[in-house]
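Okay, structure first, notes after.
Laboratory data are not the source of any read-out in this text; all were calculated from the coordinates shown. Just so it is clear, the structure is predicted and the values come from calculations on it, not from any experiment. Positions of Cβ are backbone-derived with ideal geometry, glycine not excepted, and every protein chain shown enters the neighbour counts.
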């Protein structure tokens, strides 16, 4: 086994926080999200995976999963997010966590809020090396959250799991998908995030893929209003706000005089972020379902660093339309996932950004 060249912290930082290395986003992602299974008992209206009750054919088996972790050794120091579906449906999850930590990866988990998330299972995963837990909260009330998730009692269980994880010493992250259904509740959801003592609020903006519907996606002006709302909250809340699938947030922050983002803040599809599907397909993100290759055939490290798909998405000069002309393209770059979902071209201008490049930067 190769010697790890990167020191790994004993107590991993919250998901998305800077690690112990100087990140070269063309060589190493900050986050590798691995959909360890597509199986899940929920039927969430916005599920990008279109998750099903049982594992789908082609899911990486136990030996293939450990081999994948071994293949990620050159990314030591990166965060490996075990997601799904519901990753707790895998009986070998502890083996995967243990192997990942032994290979120098920091490990995070995004389980579905089911009765499987017991204190005992969380403690076992913690002892195996799990460092962070993230849970989705998509409404400020049981009615709104449970309505989106399709499971009565999900809201109450989610808050209980977050409290339980904090009690076990995990830094917790709350994931929220912003849609037309909940955008008016941003302040109330922020209060809930503060109430569970979360380290990070990761705010996703709906991309119409999987079960996500264009009808539920915010229109361009609503996107802008929501981003500006989050920018105002940014300086006043006791947790870090991380915005996903909405890179124009960086442009909004820059317009407010915020410092240039660190490498973590610049991560985007294929640039600091890589997604591996349940069957081993390597994609720029879970919201951008274009595969550069498969880990059964090609090294995931090589696909991230050298594939034409990933390299083109990292090149701001390869962008088209107003994104190419925009003075913020190197700190923003637009949502490549939303461009693909709405136009079929991952390099097209972000259709939900209202900024005009001729405006002063």
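Here are a few things to note about the model shown:
- Residues residue 180 and residue 297, FRET efficiency given R0 of 51 Å [Cβ-Cβ distance, rounded to 0.05]: 0.80
- With Cα atoms as the point set, region 216-349 shows a radius of gyration and Dmax of 15.5, 48 Å.
- For 183, 207, 295, order by how many other beta-carbon atoms lie within 10 Å, fewest first: 183, 295, 207
- Over region 141-226, volume per residue of the alpha carbon convex hull, in Å³: 101
- Two-decimal ratio, region 197-263, of alpha-carbon radius of gyration to 2.2 N^0.38 Å: 1.18
- Extension gain for residue 317-residue 260 works out to 18.6 nm (0.36 nm per residue, less the C-alpha to C-alpha distance).
- The label point for residue 221 and the one for residue 188, both projected 7 Å from the Cα toward the Cβ, are 2.4 nm apart.
- Gyration tensor over the Cα atoms of region 32-154: the corresponding equivalent ellipsoid has semi-axes (square roots of 5 times the eigenvalues, largest first) of 26, 16, 13 Å.
- Two-decimal ratio, the chain, of alpha-carbon radius of gyration to 2.2 N^0.38 Å: 0.92
- Sorting 72, 148 by the number of Cβ atoms found within 10 Å of their own Cβ, with the fewest placed first, yields 148, 72.
- On the basis of the beta-carbon distance and an R0 of 25 Å, residue 197 and residue 94 show a calculated FRET efficiency of 0.45.
- Full-stretch length increase - residue 236, residue 213 - with 0.36 nm per residue and alpha-carbon distance subtracted: 5.1 nm
- Ranked for footprinting exposure by Cβ neighbours inside 10 Å, fewest first, 260, 343 give 260, 343.
- Computed over the chain: relative contact order in percent, which uses C-alpha pairs under 8 Å that are six or more apart: 17
- Averaging the sequence gap over all C-alpha pairs within less than 8 Å and six or more residues apart, then dividing by the number of residues, gives region 126-215 a relative contact order of 31 percent.
- Separation in nanometres of the label points that stand 7 Å from Cα toward Cβ, at residue 324 and residue 24: 2.8
- The value for region 252-305 of Rg(Cα) / (2.2 N^0.38 Å) is 1.44.
- Here the sum of -39500 (n - 2.57) over DSSP H runs of 4 or more residues, divided by the residues of the chain, equals -9000 deg cm²/dmol at 222 nm, to the nearest 500.
- Convex hull volume per residue for region 284-350, taking Cα atoms only, in Å³: 79
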